[in-house]
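*Asks:* Shown below is the structure under consideration.
Values in this text are rule-based calculations from the coordinates and carry no lab data. Since this is a predicted model, take the numbers as computed values, not measurements. Counting neighbours? That spans all protein chains shown, and the Cβs are built from the backbone with ideal geometry, glycine included.
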Amino acid sequence: MIERLTPAQSRAAALALLALAAALGYLAAVAPVIGLYRHYDERIADLTHRLGQYRALAATRAANQRALDQLTRRDLAKRYALAERKPALASAEVQGIVKRAVERARGELLSTQAANGQPGDGFAEVTVKVRMRGGIESLRQVLHALESSRPILVLDNVVIEPAAARRAPGPGTTGQELSISFDVSGYARGPTA
């Protein structure tokens, strides 16, 4: 069965076995290392690409932040400032808000007078002097309605005195009538707000 090989065949078989051993050694030791190198090269290329994208995003961050801040200010101005931009119209808007609050509270609005406001950073303060008459419950309802309103209104210089007796209390009044005066201020958006 096994025949003797000639020296040339023996050398050829030895070289074939050596080549086979070298190929198996390459497949066992070198190929996995080269595969890892390729894997890591692909990973490095992917991460380098991502890093470039993140750097591009980071470069636009400041501009995006400025745009977001501007939109936030504009949104806040719309929600919390008076709708009218001109002082006379904004003053009329505040007077209308006060009138509705006093009527809902069943108080009596004696007078409203526009006062000079203060210009601000992108906003103009609009102040209205108010005189009204009503009971303590009417006062509470009016103050609550104005303080919690949108647009934001700020009350100042509140003076509360007993009202002079002028007639018998009506069915809607309870207790002593009060004479109330206060300043109410709102903020109108300027051309830059």
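*Asks:* When ranked by the protection proxy of mean other Cβ atoms within 10 Å per residue, highest first, what sequence do the peptides 9-16, 142-149 form?
*Replies:* In descending order of packing, they fall as 142-149, 9-16.
*Asks:* Tally the DSSP beta bridges in the chain and give the antiparallel ones as a percent, rounded to 5.
*Replies:* Of all bridge pairs located within the chain, approximately 95 percent are antiparallel.
*Asks:* Figure the gain on full extension for Ala31 and Ser179 (residue separation times 0.36 nm, minus the Cα-Cα span) and round it to one decimal in nm.
*Replies:* 43.6 nm
*Asks:* A further question follows. Using the alpha-carbon atoms, what tilt in degrees (0 to 90, nearest 10) does helix 87-104 show relative to the longest principal axis of the chain?
*Replies:* Value to nearest ten degrees: 70.
*Asks:* Let me ask something additional. Just add up the charged neighbours of Leu71: K/R +1, D/E -1, any other residue whose Cβ is under 14 Å from the Cβ of Leu71.
*Replies:* After counting each charged neighbour, the total is +3.
*Asks:* Once Lys and Arg get +1 and Asp and Glu get -1 on their Cβ, which of Ala124, Phe182, Leu143 lies farthest toward the positive end of the dipole of the chain?
*Replies:* My answer, from the dipole projection, is Ala124.
*Asks:* Quick one: helix 136-147 against the long Cα principal axis of the chain, what's the angle to the nearest 10°, folded into 0 to 90?
*Replies:* Helix 136-147 sits at roughly 40 degrees to that axis.
*Asks:* Rg (Å, one decimal) plus Dmax (Å, integer) for the alpha carbons of the chain?
*Replies:* For the chain, the Cα radius of gyration and maximum Cα-Cα distance read 42.5, 142 Å.
*Asks:* Rounded to the nearest 20 debye, what is the charge dipole size of the stretch 1-59 about its Cα centre when +1 sits on each Lys and Arg Cβ and -1 on each Asp and Glu Cβ?
*Replies:* Dipole of the stretch 1-59, to the nearest 20 debye: 80 debye.
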